[in-house]
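I have placed the structure first, in the form of structure tokens, so that the comments after it can refer back to it.
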Amino acid sequence: MSAEQVTDAAWPPIRPELRGLEPYGAPQLDVPVRLNTNENPYGPSEAVATDIAAAVGEAALELNRYPDREHVALREALAAYLGRDTGVALDVSQVWAANGSNEVMLQLLMAFGGPGRTALGFTPTYSMYPEYARGTSTTWVTGHREADFTLDLDHVRALVAEHRPSVVLLPSPNNPTGTALAPETTDVVCAAVAEVGGLVVIDEAYGEFRRAGTPSAVERLGAHRNLVVSRTMSKAFALAGGRVGYLAAAPEVCDALRLVRLPYHLSSLTQAAALAALRHADELLGRVAELRAERDALVGWLREQGLAVADSDANFVLFGRFDDRHAVWEALLAHGVLVRETGPEGWLRVSVGTPHENQAFRDALATSLKELPR
């Protein structure tokens, strides 16, 4: 082999474990009904959008200056919001924000993962977790969930004892299944992971959609110093385009993230937009109850069709099972409805949309099920 051939084969000089991989991303297709990325189907009102634009415009007058590196005003506003949502009073030192909960998770693994350390999750779970681990050279280990997508606590304890993870990642509600953690699970897992010196990260990206009686893990922060609770403004706040995620944790955890964050990682414009959105929290969250009701109605309808459906505390529903889920996905797409082909084999996930979008999904699925063998 010539030197030129060797050079071509090794170009670009990417890390070996990244060679040949595909980047993460849900299909972005121009179809009438897009129910594949769990976005809030209701955008900000014109009044809210105007206030956000005004706040961003005011911040733009000082774009020659770097933003507040500590984003103190935003953290104070997020702490106040979490207090209203969960009843837990938080200090600004317990809150940290970044560009979406994705960056929050990446920073956590940069600070607490890394070479020679392990992160633990339980499949099916959010497909980005192993990518965060890979990007930070953290060993990724997975356990399994039960048939109803809950966790067997004996299985959790056994894996924690065996692998001694530095970080355990548990979404609640779980993506892609919508399953919320049982109230006692947080305490049991935090206690087990504390014995090996690790953190437990409860990812509540869809936390605002939880059903009545389902507590937030924020309520257990005072009991476990190794507990971290992540949230996002992308879903319930309808601010997916704003890219704002945040966490609540012990002050020492937030201090550690300062060591790995990029300088001025949260722009002045992002901070201004998020602060304006938080001022309108009641209006932006005003559709959450309606989306919960639409979700529950969708679960009931899918079960009436003879399909298996996971109980959901999120703004999406996992349904199946299909011998050829891709054929069902394609049939729905042919009818102008885009859902997500993700999760366990044989299952599909649909986001909860507007009543009109949900009806379009029902019509498309009913027609597709008649057309396809099951």
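The values are calculated or read from the model by the stated rules, or taken from the named source; none is laboratory data. Everything numeric in this text was worked out from a predicted model, so none of it was measured. In this analysis, Cβ positions are derived from the backbone assuming ideal geometry, glycine residues included, and neighbour counts consider all displayed protein chains. These area figures cover heavy atoms from the full protein model, side chains too; ligands, DNA and RNA do not enter into them. Shrake-Rupley method; radii C 1.70, N 1.55, O 1.52, S 1.80 Å.
What the table shows:
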{"item": "Solvent accessible area, Å² - HIS155, 1.4 Å probe, full protein context", "result": "40"}
{"item": "Check: region 1-126 dipole with +1 on Lys, Arg Cβ and -1 on Asp, Glu Cβ, in debye", "result": "420"}
{"item": "Rounded to whole Hz, the Karplus (6.51, -1.76, 1.60) HN-Hα couplings of region 200-209, x for glycine and proline", "result": "10, 9, 8, 8, 9, 4, 10, x, 5, 8"}
{"item": "Distant-in-sequence amide H partners of VAL168 (H built 1.01 Å from N, under 5 Å)", "result": "LEU120, LEU199, VAL200, VAL201"}
{"item": "Charge-dipole axis of region 141-227 as Lys and Arg at +1 and Asp and Glu at -1 on Cβ define it, positive-most pick from PRO183, ALA212, HIS224", "result": "HIS224"}
{"item": "Sequence of TYR66, TYR24 from largest to smallest accessible area, 1.4 Å probe", "result": "TYR66, TYR24"}
{"item": "Heavy-atom accessible surface of the chain: percent carbon and sulfur, 1.4 Å", "result": "52"}
{"item": "The chain, dipole about Cα centre (Lys/Arg Cβ +1, Asp/Glu Cβ -1), debye to the nearest 20", "result": "320"}
{"item": "For region 297-345 versus region 238-257, the gap between their alpha-carbon centres in whole angstrom", "result": "32"}
{"item": "Dipole in debye (nearest 20) - region 182-337, about Cα centre, beta carbon charges: Lys, Arg +1; Asp, Glu -1", "result": "440"}
{"item": "Candidates ARG84, ARG34, ARG75, ranked by Gaussian network fluctuation over the chain, Cα under 10 Å, top entry", "result": "ARG84"}
{"item": "Accessible area of the chain divided out per residue, in Å², using a probe of 1.4 angstrom", "result": "45"}
{"item": "Accessible-area order (highest first, 1.4 angstrom probe) of the listed residues LYS370, LYS235", "result": "LYS370, LYS235"}
{"item": "With DNA, RNA and ligands ignored, accessible area of TRP140 (1.4 Å probe; Å², nearest 10)", "result": "60"}
{"item": "Interchain or long-range residues, amide H under 5 Å from ALA180's placed H", "result": "ASN174, ASP313"}
{"item": "Packing-based order for 86-93, 238-245, using average beta carbon neighbours within 10 Å, highest first", "result": "238-245, 86-93"}
{"item": "Under 5 Å, built H, 5+ apart or other chain: amide partners of TRP347", "result": "PHE322"}
{"item": "Considering only the chain, percent of DSSP beta bridges that pair antiparallel, nearest 5", "result": "45"}
{"item": "Heavy atoms of TRP329: accessible area, 1.4 Å probe, square angstrom to 10", "result": "30"}
